[in-house]
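K.L.:
Before anything else, here's the structure in question.
The values are calculated or read from the model by the stated rules, or taken from the named source; none is laboratory data. Values in this document were obtained by computation on a predicted structure and should not be read as measured data. All Cβ positions, glycine included, derive from the backbone under ideal geometry; neighbour counts span all protein chains shown. Protein only, heavy atoms only, side chains kept; ligands, DNA and RNA dropped before computing areas. Shrake-Rupley method; radii C 1.70, N 1.55, O 1.52, S 1.80 Å.
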Amino acid sequence: MKNEVKNIEQAVQRVTGLRLEDYSTKSRAREVFDARVIFVHECTKIGLSVAAISKIINRARATVMYAQNVYADNVKYDPDFREIAEEVERILE
């Protein structure tokens, strides 16, 4: 599981240029928020719990749940977000 999380972290960094430390902050800047949402989504896909993800990104569980909920809408309605999310998924395949 640790290796999978590390792979997700590296894929997000490769696509966004942001390290885990960058999107584990309280920043609401769009690029930071998008990286956090994608990281949370990919961690959820590998079966990590909300509590485990919240510890990794040093954010509240509510933040993780919100990121999980907003992912689908962002992919559907935001072409820039969709492009980043799809690139991360391609790297992780």
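K.L.:
Which is open to solvent by 60 Å² or more (accessible area, probe 1.4 Å) and closer than 14 Å to V88 by Cα, of R61, R14, R30?
P.N.:
R14
K.L.:
Another one. Any residue that is open to solvent by less than 70 Å² (accessible area, probe 1.4 Å), in contact (Cβ under 8 Å) with a residue 60 or more places away in the chain and either in a loop (DSSP other than H, G, I, E, B) or not aliphatic (A, V, I, L, M) (or both) - is there at least one of those in segment 41-49?
P.N.:
Within segment 41-49, none of the residues are open to solvent by less than 70 Å² (accessible area, probe 1.4 Å), in contact (Cβ under 8 Å) with a residue 60 or more places away in the chain and either in a loop (DSSP other than H, G, I, E, B) or not aliphatic (A, V, I, L, M) (or both).
K.L.:
I want to confirm something. Restricting to segment 17-27 and keeping residues that are modelled with pLDDT under 95 and not charged (D, E, K, R), which single residue is most open to solvent (accessible area, probe 1.4 Å)?
P.N.:
T25
K.L.:
Could you give every pair whose Cβ atoms fall below 6 Å, whose first residue belongs to segment 67-83 and is closer than 16 Å to F39 by Cβ and assigned to a helix (DSSP H, G or I), and whose second residue is open to solvent by 70 Å² or more (accessible area, probe 1.4 Å) and basic (K, R), counting only separations of at least 6 or pairs across chains?
P.N.:
Filtered contacts from segment 67-83: V75/R82.
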